[in-house]
Structures are given as structure tokens and as C-alpha cells.
1. For Leu172, what charge total do you get from the other residues with a beta carbon under 9 Å from its beta carbon, if Lys and Arg give +1 and Asp and Glu give -1?
2. If you take the Cα atoms of the stretch 3-46, find Rg, then find the Kirkwood Rh from the mean of 1/r over all pairs, what is Rg/Rh?
3. In percent, how large is the relative contact order of the stretch 12-80, given Cα pairs closer than 8 Å and 6 or more residues apart?
4. What are the residues whose amide H is under 5 Å from the amide H of Ala79, where those residues sit 5 or more places off or on another chain and H is modelled from the backbone?
5. Enumerate the calculated ³J(HN,Hα) couplings along the stretch 27-43 in order (Karplus 6.51 cos²θ - 1.76 cosθ + 1.60, θ = phi - 60°), each rounded to whole Hz, writing x wherever the residue is Gly or Pro.
6. Compute the distance in nm between two label points, each set 7 Å from the Cα along the Cα-to-Cβ direction, one at Glu16 and one at Glu187.
7. Find the all-direction average of the projected area of the Cα convex hull for the chain, expressing the result in square nanometres with one decimal place.
8. What residues have an amide H closer than 5 Å to that of Leu172, excluding those fewer than 5 places away on the same chain, when H is modeled at 1.01 Å from N in the peptide plane?
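Here, each number is a calculation from the coordinates, and none is a lab measurement. Since we're looking at a predicted model, the values are computed, not measured. Cβ: placed from backbone, ideal geometry, glycine included. Neighbour counts: every protein chain shown.
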Amino acid sequence: MKLLEDRIRRDGTVREGNVLKVDRFLNHQMDIELFQEIGREFKRRFAGEEINKILTIEASGIGIACVAAEFFHVPVVFAKKSKTKNIAGDVYTAQVESFTHGGVYEIIVSKEFLGEGDKVLLIDDFLANGKALEGLAKLIKDSGAELVGAGVVIEKGFQRGGEAIRRMGIRLESLAIVESMDCGTGEIIFRPQ
Ligand code: 5GP
């Protein structure tokens, strides 16, 4: 998606440790007009698919998922990051290894909001090692819902997540795929799509 690639080149900064900072427009300050174009593009790519729910993960997936949901006319459910061990039987849970913060956290979704008959599209801001998407996919599997596909705004193609998710047989649509980036020069190269 050229508009997005141009914006990443203009306003993104490359940090050490393979971190791309895009908080001027994507995950801190949010450019809602850009989000509209992102939502429209997700809808275009998943046109023809039956989807009745979008699932994302807090916090930075929520804004993107909500704007996308306006194009799909479906509700958004976000997985909560839980600090306390959840032993109650009324939630689905998965463990997720954090790329940005290190360590492992638990994500939960109430059984009330995900279950058999649901056809779910996953949405997130970044795909790095794929742990967040894998955790969300596990919640869907445990719930008996159907995973239609996953849409991410930025995939870092030089990390293992994209390959891992595609190998799981999940249809993955990434709006921009960073092939390489250099924190010294600030250069970002995108994979042609
Ligand atoms: P994964 O689980 O695929 O390793 O990482 C995905 C999660 O880590 C995303 O939800 C995102 O919040 C965060 N993340 C991964 N890489 C980056 C990055 O380069 N920049 C930012 N801002 N967040 C990232």
C-alpha cells in the first residue's frame, strides 16, 4: 500500500533492536484519515470473505480494528492483556511472548464474545515474530470459531512471524512489508507487493 509505505518512510524512525517507531501516526498519535485508508484496503483484500467479527489485541490494535470494522460492519473484540493468572472458566486464554517488552504475558477473551459460528478476522498493527497473532489464533481455535485470516498493517519481513503464520495455513495480508531497515542510515526498504 503505497500511501502507507510513503508515510512510514516520511514519519517512521528505525531504532536499535529491529524496532520501527511509527508512533507519530499509527500507535500513539493516530492519523484517522490514514486509518480509514487502511480499513478500506483490508476490506478490499478480504472482499468476498464471510466475516462477522474482528479480533485484535490491546492496546495498539484497537484503533485500527475499530476503523476497519466500519468497513466490515462487524463488532470488534479485543484480547485483554491480563497480569493476574486467570483461573475462572469463563475466558479463553493464551500465553504471548512480547517482542517489544520481553517476557511472557497472558491474553484473555471472554467466552461470551467468541465461539462456534463466529468467522473471525484478526487485525494488528505489527507482525514481528508472530507471537501475538499465534496467541490470538489459539483463542479462536479453543473457542470453536473459524479463523478467516489476519490483516496486519506492518510486517517486518526479516523476522520469522510472517513465514510462521503463513505456514500455519493462515491467510495473511500485510499492507506494508519491511524487507530491511537500518538504524544507522534510517533507510527502510519495502518488499514489492
Ligand atoms: P510479534 O508478536 O509478532 O513478535 O510482535 C507483534 C507485537 O509487537 C505488535 O502487537 C506490536 O505491538 C509489537 N511490535 C513488534 N515489532 C514492533 C516494532 O518494530 N515497532 C513497534 N512499534 N511495535 C512492534
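1. Summing Lys/Arg as +1 and Asp/Glu as -1 gives 0.
2. Taking Rh as the inverse mean 1/r over Cα pairs, Rg/Rh reads 1.03.
3. Dividing the mean separation by the residue count of the stretch 12-80 yields 29 percent.
4. Result for Ala79 returns Thr56, Ile57, Glu58.
5. Once rounded to whole Hz, the list reads 10, 9, 6, 10, 8, 6, 5, 5, 4, 4, 5, 5, x, 4, 5, 4, 4.
6. Taking the simple label geometry, Glu16 and Glu187 are separated by 2.1 nm.
7. 10.4 nm²
8. Ala150
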